[in-house]
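Each value in this text was obtained by applying a stated rule to the coordinates, not by laboratory testing. Computed from a predicted structure; not experimentally measured. Backbone-built Cβ (ideal geometry, glycine too); neighbour counts: all protein chains shown.
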């Protein structure tokens, strides 16, 4: 019974660690997405300015 409890606790710790890794990964991906969207917006603004200058 004690071994089962220890094994269960070990699995819970491993699952918690994996959850933390996934949270960190998700946060990193969200930041990458925000960076890409900001860069996209910057390029769109530059293109709009260029189009205006050409008219």
If you project the alpha carbons of the chain onto their three principal axes, what span does each projection cover, largest first, in Å? 80, 8, 5
For the chain, what is the mean residue ellipticity at 222 nm derived from helices alone (per DSSP H run of n ≥ 4: -39500 (n - 2.57); sum divided by total residues; nearest 500 deg cm²/dmol)? -36000 deg cm²/dmol
Could you work out how far helix 2-54 tilts from the main Cα principal axis of the chain, as a 0 to 90 degree angle to the nearest 10? 0
Based on the Cβ-Cβ distance of residue 40 and residue 1, what FRET efficiency does E = 1/(1 + (r/R0)^6) give at R0 = 35 Å, to the nearest 0.05? 0.05
Residue 22 and residue 47 label points (each 7 Å along its Cα→Cβ direction) are spaced in nm at 3.6
